[in-house]
Protein chains: 4
Amino acid sequence: MNSFGSLFRVHIYGESHGSGIGVLIDGVPSGIKLTLEDFTKDLSKRKSGKIGTTPRKEDDIPNIISGVFNDFTTGAPINIFFENKNTDSKVYTDFKSHPRPGHADFSATKKYSGFNDIRGGGHFSGRLTLALVAAGVIAKKILNDFIFSSEIESIGILNKLEFDKKLENYLLETAHSGDSLGGTISLTIKNVPIGLGEPFFDSVESVLSSIIFSIPGIKGIEFGAGFKGTEFLGSKFNDCFIDKSGKTSSNNNGGINGGITNGNDIFLKVAVKPTSSIFKPQETFNFKDKNIQSLKINGRHDVAFLLRVPIVLENAVAIALADLYLQNKKIFF
Amino acid sequence: MNSFGSLFRVHIYGESHGSGIGVLIDGVPSGIKLTLEDFTKDLSKRKSGKIGTTPRKEDDIPNIISGVFNDFTTGAPINIFFENKNTDSKVYTDFKSHPRPGHADFSATKKYSGFNDIRGGGHFSGRLTLALVAAGVIAKKILNDFIFSSEIESIGILNKLEFDKKLENYLLETAHSGDSLGGTISLTIKNVPIGLGEPFFDSVESVLSSIIFSIPGIKGIEFGAGFKGTEFLGSKFNDCFIDKSGKTSSNNNGGINGGITNGNDIFLKVAVKPTSSIFKPQETFNFKDKNIQSLKINGRHDVAFLLRVPIVLENAVAIALADLYLQNKKIFF
Amino acid sequence: MNSFGSLFRVHIYGESHGSGIGVLIDGVPSGIKLTLEDFTKDLSKRKSGKIGTTPRKEDDIPNIISGVFNDFTTGAPINIFFENKNTDSKVYTDFKSHPRPGHADFSATKKYSGFNDIRGGGHFSGRLTLALVAAGVIAKKILNDFIFSSEIESIGILNKLEFDKKLENYLLETAHSGDSLGGTISLTIKNVPIGLGEPFFDSVESVLSSIIFSIPGIKGIEFGAGFKGTEFLGSKFNDCFIDKSGKTSSNNNGGINGGITNGNDIFLKVAVKPTSSIFKPQETFNFKDKNIQSLKINGRHDVAFLLRVPIVLENAVAIALADLYLQNKKIFF
Amino acid sequence: MNSFGSLFRVHIYGESHGSGIGVLIDGVPSGIKLTLEDFTKDLSKRKSGKIGTTPRKEDDIPNIISGVFNDFTTGAPINIFFENKNTDSKVYTDFKSHPRPGHADFSATKKYSGFNDIRGGGHFSGRLTLALVAAGVIAKKILNDFIFSSEIESIGILNKLEFDKKLENYLLETAHSGDSLGGTISLTIKNVPIGLGEPFFDSVESVLSSIIFSIPGIKGIEFGAGFKGTEFLGSKFNDCFIDKSGKTSSNNNGGINGGITNGNDIFLKVAVKPTSSIFKPQETFNFKDKNIQSLKINGRHDVAFLLRVPIVLENAVAIALADLYLQNKKIFF
């Protein structure tokens, strides 16, 4: 399913090397000011160009096809389209028979009986996250008091405290060796109202993890104290309330109790795996020749695509929170 | 929302200290043999009674209200109801004004404007997981070749290798000090067909994490190598294919590529927080008296409720996989 | 699917001759007063007992299993259960091989490969409408200003103007001949706010007709001037606005423009087919014996089950409108 | 909501006088051959140009933006876009203050607080039905054995038997007087398998009527004998089975028993209201000037837009049946 949400509904489409990718957003309240400039900041954060990111350059200009009139949302579905310009499909031709390890090549080819568009990863490309960022820009307008901040916590074996000194070298050396890196990213959200989340099944953790794991390459998530917190005694883990606003002395629960926001900061951390595409040759099965062969993946890769993930994470979470926010609007009797 | 799934649909209801709890399961194919005995094994795994679990005893006998005729599923919705018998609500009376840290008391009271049934945690009680286990029994019948195995990896600071020697003492001492423990649990699923998962949004990781985080007290999840894997180089992390079945030399992706199962074992690990209810007094805000007061929670608690979670985790995941399994049935043209 | 609605969600279960039937209602706002007495009036309207209705007597007492605490809704799912008491399944035994014309016997037996519970129609019984009536009682509490009124417009060839003089005789004569009758019912809803309906697909007509056609035996629906209106010229059909409230001079559109309520009365009419079960023998195929045979249906039937449909129609529509009402709550920016 | 379906999912977007309209179709199985030529026949049936239809000319060429690779569906979402070329928005400017009777102008302006794009009806324009036709082309590929045939049964007061002799004159005279016409259309579907439909709520009648009433201007629907059938005795109405295939001697139920197809032809009839836009002046309220004023609607209208509805009806129904068809795929145990 390429749809997310029940009131703020996001539908994603497109392929890496087709005519383009886009997102259809339904359920957006009418009367929200929305212009192309609103997208500039977040889209530029996702762009490549820094050390460690792919040399593929796309201008990533959003085209608002529908749902906006005279710079305001109309209440009708908003279709935002990004044209693909800088595509180069030659190198991807034989990945159905000799699938890239870590990629969707093998599993998708099986699932779609070989009809999937495999060029550039097709519908499974990280390029689809552009659509999440764009939809998140609108979601954030609904959540106008919320403050999102994301931070890379580690890259490979390097902790963020070491970045200034060591990161540039580490990235260059890894690139030089034809290899790749993963890492971890944290997200903090401030000014969250109390009461978001629709348990039993739509706990805040459920809804946020659901959209976060749709970002290609995410392999873990933890809220509050997470895995480390399993070593605490209950008396240490419990976050005691300290004032009438519901503020707590610690935040081991990551701002969520019983699947519902408690008004403290939402805090979560994700694990991003190393880029699957590497230049270094890999010994892996060729399903056509029926034997293990060396595979060298040419093309343009991010050494550490996690460098571009923080804004994707933020905006994906914003989509999910906008949906919970609209669901939580109270009806009084 | 108390509903999960699109083809195999599970709807949960009930409260800890009301007349009972139950689950309505819709979309179950007709013709599946189903008797009360089918539930015995999994339900008994969830029961209390072991060291470290609550003294509340419930016989947990399922009542099949609808959807089964002559011991076979009919295709109509299956309602399974569990009566509450051993309830004792006296001790829970003032948790709306003096909410228990770590519990849903505060956030739910705010969300539902004080109308929530707070007795025993009400609809937020761990007792609701009984419904997940029951629905999972039916899900597993749909997934009849899949093999589920769950294992407690750690309790508090104790690794599973130390359990034989040290666990009993550790639990008793913690109980004695009026405190509680959390831990981690792993789940391995074998014989998973290739092709489950419906990206972009319904990746296997998305769907599994979504239902897993509806289990009260789960605070983290990782697939395959998870957080540790972020330190690997891509050349180490990538799982290379080694034969025509798609078997891989390592399983750092946890059996999932591009959000789709690749036929290798699904492997995941979850973080379970320490039981929130502890006998030890806690200094926390009283919203009625408007000051910080000591709160001592009487009643019956699990020292480490994670001891009862493995079968809940298994069966919750079975529910999600049954839904993906039915969605993946191929149509040929 | 046995579920209806996106915010006010109704899930139906049970069989005619099983342990009972019921309804699970999720998404009900907390804080609505709800007691057993609230159900009495509507449930009694649906009861049999009048001339032309079945001699099967059920006391139809609702059991509120969950979601209500101290006579107020809690925000958790509300399960309402009705026990079956007066069941008599002997006469239904061979309808899988010799299916009753007009019933679901044949199509359901094929669909569910013979595993369907066919006793008393099983999950396809008109008894399931009890669940709609019960859920509608709660829906009407959300729509507290709306005024519903339904009226039987015709029974068989008899127009409502003739009922006083001729109906009793007509029903008795039809019963005597072992035959049955259908008819038409109108529904008017006053005090409907402007703006309900979520086009493109969830037009008011779409949503209302969708739930109305789930009532067994409905075969037609028209809004406003309906089929007769197709003979009007546009200049006659168009409802001109006559004041600032949006009141119109005529109501050929049935209170709905562009799929959205315009504040005038919703007006619709439905066609109810004659009761399928008749005492009169019918020549119809026996799929076991492989020939056409006479089938005489014993048991207890309504001569004209439409006599019991008006409150079902009202409350089914109330369910759909409650869902649209909750969806239409405005968010301001 | 602009989405329809649970497995075959259709999302519609666009406005009459914006950059274009389109449809995103998700859940299409991979491996279906699909080229632009597949759309030609059905799209041309919907076109204007005949007597009684609007002079607005659009070439209506579909652009397949995603989801198709090398002329086969890939399993990813298919976005089909139609550019608007022949737009003329000048005449629509003041319909928010002086709304057209019968149109969405008033109700939509209220619902969307005046932010709706009202040019040419915006998102409420009949032009959106182009998206339904396009999606229906794909749906029919899934239903490749089904045979659809639609027929105009009446226009205004003219029965189809009179069309040859009288229709052209009738349309011209109505046009000349600045007025408009409605009518009725029947749809017959042959070769329908037994077992489609997912009661209780997703009866075939529910699902078909739901999508049919999203077509602008539909005001009634009846299945089989419909309203006329309410005058039959049960012994006449009941469709007796006559052979082992389930064929019935009559088809008063329109091929549907208990909400499930019984293998006989699906037969239904719809009521289409007269075109709301007429040249003839109408006395209707001006909400800005606060009085009743004469309104003359200039622009380009269909005298009888129902002339273009048959293919829309067919393809809308095909969308709904494709969804039911995919849901009905059996799983065996």
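Annotations for the structure displayed:
- Residues that are within 7 Å of another protein chain (Cβ to nearest Cβ), at pLDDT 95 or above and out of contact with any Gly (no Cβ under 7 Å at 6 or more places or on another chain), drawn from the stretch D:1-17: D:ASN2, D:SER3, D:PHE4, D:SER6, D:HIS11, D:ILE12
- Selection within the stretch B:222-261 - more than 7 Å from chain A (Cβ to nearest Cβ) and farther than 24 Å from B:ILE147 by Cα: B:LYS228, B:LYS236
- When the criteria are applied in full, A:PRO99 meets the requirement of being in contact with a Phe, Trp or Tyr (Cβ under 7 Å, 6 or more places away or on another chain), buried (at least 24 other Cβ atoms within 10 Å of the Cβ) and in contact (Cβ under 8 Å) with a residue 12 or more places away in the chain.
- For the stretch B:289-300, filtered to residues that are among the hydrophobic types (A, V, I, L, M, F, W, C) and either touching a residue at least 60 places away in the same chain (Cβ under 8 Å) or surrounded by 18 or more Cβ atoms within 10 Å (Cβ to Cβ) (or both), the residue that is farthest from the other protein chains (Cβ to nearest Cβ) is B:ILE297.
- Complete set of residues in the stretch B:45-66 that are modelled with pLDDT of 95 or more and either among the hydroxyl-bearing types (Ser, Thr, Tyr) or part of a helix (DSSP H, G or I) (or both): B:SER66
- Just so you know, in the stretch A:212-232 the residues that are touching a Phe, Trp or Tyr at 6+ places or on another chain (Cβ under 6 Å) and outside any loop (DSSP other than H, G, I, E, B) include one that is surrounded by the fewest Cβ atoms within 10 Å (Cβ to Cβ), and it is A:GLY229.
- Within the set D:PRO62, D:PRO29, the sole residue that is more than 7 Å from chain A (Cβ to nearest Cβ) and either under 17 Å from D:LEU128 (Cβ atoms) or of a type in the set (D, E, K, R) (or both) turns out to be D:PRO62.
- Taking the criterion of being without any contact (Cβ under 8 Å) to a residue 60 or more places away in the chain, closer than 30 Å to B:GLY5 by Cβ and not in a loop (DSSP other than H, G, I, E, B), the residues of the stretch D:14-37 that qualify are D:LEU24, D:ASP26.
- Qualifying residues in the stretch B:1-10 (those that are closer than 18 Å to B:PHE213 by Cβ and not small (Gly, Ala, Ser)) - the one surrounded by the most Cβ atoms within 10 Å (Cβ to Cβ): B:VAL10
- When residues of the stretch C:127-148 are limited to those that are out of contact with any Phe, Trp or Tyr (no Cβ under 7 Å at 6 or more places or on another chain), touching a residue at least 60 places away in the same chain (Cβ under 8 Å) and not in a helix (DSSP H, G or I), the one surrounded by the most Cβ atoms within 10 Å (Cβ to Cβ): C:PHE148
- Any chance A:THR40 is part of a loop (DSSP other than H, G, I, E, B) and at pLDDT 95 or above: no
- Selection from the stretch B:302-326 of residues that are out of contact with any Gly (no Cβ under 9 Å at 6 or more places or on another chain) and at the interface with another protein chain (Cβ under 10 Å from one of its Cβ atoms): B:TYR325
- Whichever residue in the stretch D:70-81 is of a type in the set (A, V, I, L, M, F, W, C) and crowded, with 23+ Cβ neighbours inside 10 Å and, among such residues, is farthest from D:ASN298 (Cα to Cα): D:ALA76
- Number of the condition not met by D:ASP105 [criteria: (1) buried (at least 24 other Cβ atoms within 10 Å of the Cβ); (2) of a type outside the set (A, V, I, L, M, F, W, C); (3) more than 21 Å from the chain's Cα centre (by Cα)]: (3)
- Evaluating A:VAL23 against the criteria (1) modelled with pLDDT of 95 or more; (2) touching a Lys or Arg at 6+ places or on another chain (Cβ under 6 Å); (3) more than 9 Å from every other protein chain (Cβ to nearest Cβ) leaves one unmet condition, (2).
- Test: residue in the stretch B:103-117 that is more than 11 Å from every other protein chain (Cβ to nearest Cβ) and touching a residue at least 24 places away in the same chain (Cβ under 8 Å): no
- Residue satisfying all of: in the stretch C:262-283; hydrophobic (A, V, I, L, M, F, W, C) and more than 7 Å from every other protein chain (Cβ to nearest Cβ); nearest to C:LEU172 (Cα to Cα) among these: C:PHE279
- Considering residues of the stretch D:20-59 that are of a type in the set (D, E, K, R) and under 26 Å from D:THR174 (Cβ atoms) only, the residue surrounded by the most Cβ atoms within 10 Å (Cβ to Cβ): D:ARG46
- Residue, surrounded by the fewest Cβ atoms within 10 Å (Cβ to Cβ), within the stretch B:155-190, restricted to residues that are closer than 19 Å to B:ILE297 by Cβ and touching a helix residue (DSSP H, G or I) at 6+ places or on another chain (Cβ under 9 Å): B:SER177
- Among residues of the stretch C:166-190 being touching a residue at least 40 places away in the same chain (Cβ under 8 Å) and of a type in the set (Asp, Glu), the one that is farthest from D:LYS111 (Cα to Cα) is C:ASP179.
- When the stretch D:67-126 is filtered for residues that are closer than 20 Å to A:ILE80 by Cα and part of a strand (DSSP E or B), the ones remaining, listed by number, are D:VAL68, D:ILE78, D:ASN79, D:ILE80, D:PHE81, D:PHE82, D:GLU83.
- Inter-residue pairs, beta-carbon under 7 Å, first surrounded by fewer than 24 Cβ atoms within 10 Å (Cβ to Cβ) and in the stretch B:274-288, second among the acidic types (Asp, Glu), 6+ apart: B:LYS280/B:ASP179
- Of all residues in the stretch A:127-167 being of a type in the set (S, T, N, Q) and more than 17 Å from A:PHE82 (Cα to Cα), the one that is farthest from the other protein chains (Cβ to nearest Cβ): A:SER149
- Pair list, Cβ under 6 Å, 6 or more apart: the stretch A:191-217 residue at the interface with chain B (Cβ under 7 Å from one of its Cβ atoms), other residue surrounded by fewer than 24 Cβ atoms within 10 Å (Cβ to Cβ) and of a type in the set (Lys, Arg): A:ILE194/B:LYS110; A:GLY195/B:LYS110
The values are calculated or read from the model by the stated rules, or taken from the named source; none is laboratory data. Quick caveat: nothing in here was measured; it's all calculated off a predicted structure. Please note: Cβ atoms are built from the backbone with ideal geometry, for glycine as well, and neighbour counts cover all protein chains shown.
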